[in-house]
Every structure is written in C-alpha cells, then in structure tokens.
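J.: Here it is: the structure, laid out below.
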Amino acid sequence: MSLRVVHYINQFFAQIGGEEKADYAPEYREGAVGPGLALNAAFKGEAEVVGTVICGDSYFNENLDAAKATVLKMISDAKPDVVVCGPAFNAGRYGVACGTVAAAVKDELNLPVVTGMYEENPGADMFKNKVYIIATKNSAAGMRDAAPKMASLAIKLAKGEKIGASAEEGYMPNGLRVNFFEAERGSTRAVKMLLNKLAGKPYTTEFPMPSFDRVAPGAAITDLAHTTIALVTSGGIVPKGNPDHIESSSASKFGRYDISSFEDLTAADHETAHGGYDPVYANEDADRVLPVDVLRKMEKEGKIGGIYPYFFTTVGNGTAVASAKKYGEAIGKELRDAGIKAAILTST
Amino acid sequence: MRLELGEIHISDIKLGDCSKVENGTLYVNVEELRALLLEDEDLASVDFEVVHPGESVRIIPVKDVIEPRVKVEGSGGVFPGMISKVTTVGSGKTHVLKGCAVVTTGKVVGFQEGIIDMTGPGAEYTPFSKLNNLVMICEPKEGIKQHQHEHAIRMAGLKAAAYLGALGKDVTPDETKVYETSGVMSGKEKYPDLPRVGYVLMLQSQGLLHDTYVYGVDMKKSMPTILNPTETMDGAILSGNCVSACDKNTTYHHLNNPVIHDLLEQHGKTLNFVGVIITNENVYLADKERSSDWSTKLAQFLELDGALVSQEGFGNPDTDLIMNCKKLEAAGIKTVIITDEYAGRDGASQSLADADPAADAVVTGGNANMVIHLPKMDKVIGHPEAANIIAGGFDGALEADGSITAELQVITGATNEMGFNKLSAR
C-alpha cells in the first residue's frame with residue numbers, strides 16, 4: 001500500500017484565483033490538486049496525495065489561530081503518513097503559511113512534514129531550523145526541480161529512514177551538521193574552490209562562519225584580601241582515579257570536588273583526565289594546572305580572603321561549545337548563589 | 001626539482017625467514033626485523049601481524065601509519081634527519097611499496113591513539129582499511145616516560161618502513177609517476193598567465209606528545225619556511241603525534257599529501273604551484289602571531305595570488321588556522337582553508353574554536369563528534385580496553401560483546417584536514 005500524503009497549497013496554486021481570492025477560507029478536497037499532480041508523478045507509486053487542503057494566503061495570515069486550527073484538523077482527519085506544504089517559491093505570505101502549517105504539523109500532530117520555498121522567502125529564515133524546507137527556485141517554473149526532492153524527502157521521512165546532509169537531500173541548512181561522503185576528496189574540492197575564488201567565479205563554502213559571542217572580562221577585583229576565590233579548570237584535574245570518569249575528550253560532564261583539606265596537590269591524590277596533552281607534568285604536580293598550593297600561601301599571607309571549598313573541573317579537549325556553555329552556566333550559578341565574586345579559570 | 005616515483009604494487013605481505021619483494025608480495029624476515037627494532041633499549045618486545053582489506057580485524061590503539069619507500073637515484077635518503085642523513089631530498093628517483101603500510105600499535109602512549117577496522121562501518125572512514133598492513137605491536141619497557149615511549153614507537157615504525165622500502169630498491173616498478181616543479185623565476189616565465197598558488201601546510205607542534213619533525217627538526221622550534229613540494233614524498237616531514245586519531249596527519253599522509261598531489265596535477269594547466277610554506281601550531285600567543293605573520297610574509301615574498309591552508313588537530317590550532325587565513329586574505333591572497341568540525345554529537349554546536357568573516361571558503365572533513373557503532377571483530381590486535389580512554393571514547397565505549405560505541409574521533413584519519421578523504425558535512 002502506498003504512503004498517504006496530505007498536501008497544503010494556497011488559492012492560487014489551486015487555480016481558484018489570484019490576489020482577489022486571497023481571503024479564501026480553508027477547504028479540503030479529495031485527491032491531488034495542481035502541484036499535487038507533479039508530486040504524485042515524483043512519488044512513482046510509493047506514495048500518493050490522498051487529499052489537499054486549500055487556504056487563501058490573506059485568510060491564513062489574518063486569521064492565524066483559527067485558520068491553523070481548521071487546517072490542522074482537516075490534515076489530521078485525512079490520516080496522512082506524511083504532509084507536504086507548497087512549495088511556495090518566492091511568494092512571501094504563502095511561504096509563511098507553509099512554514100506555520102509545517103511547524104504545527106510537526107509539533108502538534110507529530111507527523112513528518114516537508115515544505116519548499118526560495119531561500120529569500122521570508123518564511124525560510126523563520127522556519128528553516130524548525131522543519132525541512134527544500135530550497136526551490138524563485139518562481140513556479142522551479143516545480144520540475146522541486147517536486148522530486150520534496151517527494152524523495154517526504155518518503156524517507158514517512159518511512160523513518162536516515163536523512164542525509166542538506167547538500168545531499170536539497171533542504172536548507174538547518175543548523176545541524178550532518179556527515180556524508182562527497183564525490184571527490186577534500187583536497188580536490190579545495191583546489192577547485194580556490195580556482196573559482198581566484199577567477200571571481202561563484203563558489204560555496206562548506207562551512208559558513210558562525211558569529212561568535214565574545215565575553216568581555218569582568219572588572220578587576222580591588223579588595224583581594226577579603227575576596228574568596230574559586231578555582232575552575234578545563235585542564236582535567238581530578239582526584240586520583242578520576243571517580244566520575246570524565247572523558248579524555250568531548251567531556252559529557254564536569255566534576256565538583258572538595259579541596260578544603262588540601263594545602264598542596266600531589267601525585268598521590270590528584271591527576272589529569274585530559275587527553276589533549278602529555279599528562280606527565282600535570283600528574284607529577286597537579287598544582288601546575290590547578291594552583292592550590294600558591295593560593296593557600298596567599299591565603300596565609302592574607303593576600304586573598306580564602307579559597308572556595310570546591311573546585312570545578314572538566315576536559316576542554318574536543319568538547320563542544322554548547323556543552324562547555326552548559327557547564328559554565330551551572331558552575332557560574334553555584335558560585336553566584338554562594339556569593340563568590342572571583343574565580344580563576346585555568347586552561348591547558 | 002624533478003622526482004620520479006616508481007610504484008611497486010604490493011598485493012600481499014607474508015611473514016617468513018627471508019625479506020624480499022617478489023611478484024607483488026612483500027616477504028618479511030620477522031626475526032631479522034625484530035632484532036633491528038629491539039636495538040632500541042626502551043622497547044621490551046615487538047610482535048608482527050599481517051592484516052588485509054576486508055578481514056574482520058580491529059587494530060587499537062594505532063600510533064602511526066607509514067608507507068615503505070627507498071631512494072634509488074638522487075641525493076639523500078628517505079626520512080632525512082631521522083633515519084637517513086639530513087641531505088636535501090625530493091629529486092631523482094624513489095621507489096614506493098604501494099598498497100601496503102607499517103602500522104604501529106602497542107600499549108597506549110597518549111590518550112589520542114586511534115582505531116583501524118579492516119571491515120564494517122568503521123573501515124569506510126579510514127583510508128588504511130584499504131591497505132595490506134604489517135602491524136607491529138611494540139611494547140615499551142616498564143617505567144619509561146610517555147615521551148620516551150612515543151620516541152621508541154615512532155622510531156620503530158620509521159626503521160621498519162625504511163627496512164621494507166629498501167627491499168624494493170632493485171625491483172622494476174609497475175608504474176612510474178613524474179613530478180616536476182619550477183623555480184620561482186622559471187615558473188613565472190613559463191606560466192606568465194596562470195595564478196600563482198602556494199600551500200600553507202600547518203604542522204602540529206603543540207608539544208607534549210604533539211610534535212612533527214622536518215628533516216629531524218622539532219617544528220615547534222622552527223620558524224615557518226619553504227619546501228619544494230617533492231621533498232615531502234621522500235619523508236621530509238614525519239609525524240610524532242599522539243593527537244586525536246581522526247585528524248592527525250600520520251607519516252603516510254605526509255608522504256602522500258593530497259593537496260600537494262592535486263596542486264601538482266594542476267601545475268602548468270590551471271595554476272602555477274609555486275611552493276609549500278610549512279608553519280607550526282605552537283601554544284603561546286606570541287608564537288601564533290609570529291608564525292602566522294611569517295607564513296603570510298613568505299606568501300608575499302613568493303608573490304602568491306592564492307593559497308590553500310591545511311590544518312592538523314582542532315581547538316587550539318583553530319586559532320592558528322584563522323590567523324593564517326585572516327592575514328593571507330588581508331594581504332590580498334585569496335585563501336581556501338581545509339579543516340574538520342567538532343559540532344557536538346547532535347551536530348548543533350559551533351564547529352570551530354575560532355572564526356572570522358575572512359574565512360569565506362572552507363572545505364570540511366566532517367563532524368568528528370558524530371557517534372558511530374563499531375561492531376565486534378573476529379580478531380583484535382593491540383589493547384581493546386583503550387577504547388574507554390582514547391579521545392572520542394568514553395567510559396563504557398567498549399561493550400561486553402567487543403563492539404565499540406564512540407565518536408568518529410577514534411578512527412585513524414577519519415576527518416583528515418589535508419582533504420585526504422571524501423567525508424564532509426553540511
């Protein structure tokens with residue numbers, strides 16, 4: 001039995017009318033309408049458009065909540081295996097409607113869904129990280145290219161198959177990096193990219209640069225003698241034996257350990273779990289990474305107020321920025337709640 | 001410079017009592033080779049295994065992979081400054097035992113040793129699953145420090161590769177490839193209309209088991225300098241690394257540097273390949289600033305129009321990569337960089353530890369944090385429990401049935417940043 005597909009389109013593609021019919025209220029029709037025929041051809045019998053939900057673009061955007069509820073009910077009642085919206089090409093309101101319906105199908109009906117639109121359609125930026133959006137040309141002339149990509153992705157999603165990288169499947173990059181095998185090795189791709197760049201021809205980077213959040217250093221502490229200092233490290237210093245098994249790379253956790261009774265870290269009690277450097281010197285004397293001995297001396301001399309009784313540690317090596325951020329927030333929260341005003345962060 | 005590479009195709013390796021290359025088979029006199037390697041007083045034992053593509057075998061932890069070569073004509077010998085004298089190499093004729101490699105394993109040196117699976121899903125990610133490998137299990141004497149251990153295994157691998165390469169000296173190659181480079185002036189005269197392209201080859205030099213040697217010189221103690229591309233084919237650059245397996249450049253990668261081969265392929269056709277600028281990846285900020293200044297300065301001396309930059313390792317070296325790219329672009333040299341990604345297991349995190357808008361042309365070798373399941377193999381050579389501690393592994397990575405669940409990081413050469421593989425990510 002072929003997979004059941006419900007298709008969402010606007011009044012224009014349903015051949016009801018243009019702008020003058022944009023206030024057309026939602027309607028359900030059995031079978032494929034307009035672009036649904038191209039989808040059916042592309043499904044090659046594996047799937048079939050069993051029903052089409054039509055809604056005017058103005059109606060949808062001006063009656064958002066009611067229209068969305070009606071459209072969702074029509075889709076749900078048709079019991080689809082997968083839902084396809086559009087493609088909207090460069091029609092802005094239609095793109096936003098397709099994205100809104102697709103996101104609601106995914107989140108509220110928990111059904112797989114694919115939409116399609118031109119990359120400059122305002123709906124693309126709004127929804128590309130939420131649902132799969134096939135990148136299309138900017139006019140309906142692009143249906144011939146779009147239909148096979150949307151059909152293939154819809155079938156894969158309906159069957160629960162593994163979805164390839166954006167470059168393979170044709171969907172817009174959605175912020176999730178996916179591995180795949182290219183046709184040529186990396187060096188050959190790099191030489192070609194360089195030749196295009198030198199000739200002023202277009203080329204596409206395989207990794208667009210992210211925007212980094214830079215953190216400005218805090219103001220200097222003026223009263224160190226009355227300030228308790230916390231020690232935090234990404235250098236992997238742990239009690240001997242690494243009791244929480246912090247990984248040597250790509251750490252899945254941070255540790256919090258009591259140093260209130262330590263004057264000096266030694267090879268007998270501490271070591272490093274870090275896999276990014278020769279551990280010999282850190283294992284001989286963990287103070288080299290986590291300077292407990294020096295701080296205790298300064299504490300005795302009255303140069304600092306004290307040391308926070310626990311130190312926090314993780315392994316920076318190969319650890320994703322998102323993980324590091326999560327650990328940093330948790331550590332920061334404890335220190336803030338404890339009223340700690342200063343911390344020394346050591347790296348390796 | 002002109003170098004002829006005579007490739008002798010090796011389809012099998014056999015262990016026995018006579019060392020020779022005959023009809024595409026490499027015969028190894030195990031006792032003779034073992035005696036040579038045990039001259040090193042830091043090694044307690046060396047054992048040998050032969051593995052072929054498609055066999056249900058896992059090698060863990062892998063230290064280095066080396067292709068046997070021998071100098072037949074021209075000055076110098078292979079692995080100069082380490083095995084042969086420091087004489088400049090890269091011209092004349094060199095024979096290569098193609099289709100085979102020496103793989104060194106044994107007790108883990110650093111955390112960052114890798115896995116080679118000869119079959120199954122893991123095999124698809126490592127180029128070394130396609131070779132006939134002479135695996136050397138080198139165990140160190142008790143009580144030696146990690147850096148002595150690293151040195152002992154590194155030298156054992158190089159000695160063995162030179163010993164095996166020498167067996168091909170008088171064998172007629174199956175195929176001969178000629179690589180010819182131009183001087184700075186003659187290249188300009190010969191190809192006046194072609195863009196002048198250079199290769200900035202970043203060498204891992206963070207120290208503490210993260211080192212690369214050029215003519216025997218520890219690269220962290222060297223300023224950036226210029227190599228003729230063919231010098232690398234005679235082993236001018238050697239790995240001394242225990243960095244993450246997936247993106248460490250093994251000695252095999254240096255000998256077969258894909259950027260150099262692809263640029264030479266285009267030399268005189270679409271571009272003028274002027275030369276290789278080697279630079280380091282030291283940990284101090286002043287070193288990073290100085291080296292990236294110098295690599296750019298050398299690129300300007302060579303009056304390059306374009307540059308390709310390759311990286312080794314990740315995290316700390318990302319800053320060197322971005323500095324090199326930024327400064328080359330600011331000097332008006334169009335630049336493409338090759339890197340890999342640490343985007344988290346879900347692929348949602350920032351991929352690099354540094355970034356800049358000038359890096360607008362990037363080739364990626366894939367996301368090294370991707371989790372992969374490596375099924376049980378019939379045979380394991382080395383120490384499987386290393387899976388729990390090597391970079392990319394985690395406690396419990398080695399399951400009771402012998403299978404391993406770990407990040408792609410654990411696989412030797414998987415996300416190579418010289419662009420050796422087809423793996424990528426979007």
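J.: Tell me which helices (runs of 4 or more DSSP H) are completely within the stretch A:229-340 and hold 2 or more residues being under 18 Å from B:A391 (Cβ atoms) and either of a type in the set (S, T, Y) or touching a Ser or Thr at 6+ places or on another chain (Cβ under 9 Å) (or both), or say none if there are none.
T.: A:280-284, A:321-337
J.: Residues in the stretch B:385-398: is at least one in a strand (DSSP E or B), closer than 30 Å to B:P140 by Cβ and more than 7 Å from chain A (Cβ to nearest Cβ)?
T.: Checked against the condition, which is being in a strand (DSSP E or B), closer than 30 Å to B:P140 by Cβ and more than 7 Å from chain A (Cβ to nearest Cβ), the stretch B:385-398 yields at least one hit.
J.: Next question, about the same structure. Suppose we filter B:L321, B:L352 for residues that are among the aliphatic types (A, V, I, L, M), at negative phi and part of a helix (DSSP H, G or I); which single one remains?
T.: Just one listed residue meets the conditions, B:L321.
J.: Let me ask you something else. Kindly provide the set of residues from the stretch B:291-317 that are in a helix (DSSP H, G or I) and within 14 Å of chain A (Cβ to nearest Cβ), ordered by number.
T.: B:A299, B:N316, B:P317 - these are the residues of the stretch B:291-317 that are in a helix (DSSP H, G or I) and within 14 Å of chain A (Cβ to nearest Cβ).
Yes/no per residue for (1) of a type in the set (A, V, I, L, M, F, W, C); (2) surrounded by fewer than 21 Cβ atoms within 10 Å (Cβ to Cβ); (3) touching a Gly at 6+ places or on another chain (Cβ under 7 Å):
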| position | (1), (2), (3) |
| --- | --- |
| A:N110 | no, yes, no |
| A:P122 | no, yes, yes |
| A:A141 | yes, yes, no |
| A:A146 | yes, no, yes |
| A:A151 | yes, no, no |
| A:A154 | yes, no, no |
| A:N174 | no, yes, no |
| A:F180 | yes, yes, yes |
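J.: Might you check whether a residue that is assigned to a loop (DSSP other than H, G, I, E, B), surrounded by fewer than 24 Cβ atoms within 10 Å (Cβ to Cβ) and without any contact (Cβ under 8 Å) to a residue 40 or more places away in the chain occurs anywhere in the stretch B:404-416?
T.: no
J.: Mind counting the residues in the stretch B:3-14 that are surrounded by 14 or more Cβ atoms within 10 Å (Cβ to Cβ) and either without any contact (Cβ under 8 Å) to a residue 40 or more places away in the chain or over 30 Å from B:E265 (Cα atoms) (or both)?
T.: Count: 1.
J.: Further question: Say whether the condition of being acidic (D, E) and within 14 Å of another protein chain (Cβ to nearest Cβ) is met by at least one residue in the stretch B:115-132.
T.: Yes, there is a match, as at least one residue in the stretch B:115-132 is acidic (D, E) and within 14 Å of another protein chain (Cβ to nearest Cβ).
J.: Using the structure shown, decide if B:G235 is under 22 Å from B:I83 (Cα atoms), more than 10 Å from chain A (Cβ to nearest Cβ) and either surrounded by 24 or more Cβ atoms within 10 Å (Cβ to Cβ) or touching a strand residue (DSSP E or B) at 6+ places or on another chain (Cβ under 9 Å) (or both).
T.: yes
J.: Further, regarding this structure: On the basis of being acidic (D, E) and assigned to a helix (DSSP H, G or I), does B:D340 make the cut?
T.: No; evaluated as a whole, the condition is false for this residue.
J.: Report the residue count in the stretch A:158-178 for those that are farther than 18 Å from A:T136 by Cα, facing another protein chain (nearest Cβ under 7 Å) and without any contact (Cβ under 8 Å) to a residue 40 or more places away in the chain.
T.: 3
Yes/no matrix, rows are residues, columns are (1) touching a Lys or Arg at 6+ places or on another chain (Cβ under 7 Å); (2) free of Cβ contacts under 8 Å to residues at least 12 places away in the same chain; (3) hydrophobic (A, V, I, L, M, F, W, C):
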| site | (1), (2), (3) |
| --- | --- |
| B:G315 | no, no, no |
| B:I322 | no, no, yes |
| B:V336 | yes, no, yes |
| B:P357 | no, yes, no |
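J.: Inspect the stretch A:285-300 for any residue being within 14 Å of chain B (Cβ to nearest Cβ) and in contact (Cβ under 8 Å) with a residue 60 or more places away in the chain and give the result as yes or no.
T.: No, the stretch A:285-300 has no match at all.
J.: Taking the conditions exactly as written (crowded, with 19+ Cβ neighbours inside 10 Å and either more than 29 Å from the chain's Cα centre (by Cα) or hydrophobic (A, V, I, L, M, F, W, C) (or both)), does A:V191 satisfy them or not?
T.: Spelling it out, A:V191 is indeed crowded, with 19+ Cβ neighbours inside 10 Å and either more than 29 Å from the chain's Cα centre (by Cα) or hydrophobic (A, V, I, L, M, F, W, C) (or both).
The numbers here are math on the coordinates, done by the rules we state, and not lab data. For clarity, every value in this text was computed on a predicted model and none was experimentally measured. Counting neighbours? That spans all protein chains shown, and the Cβs are built from the backbone with ideal geometry, glycine included.
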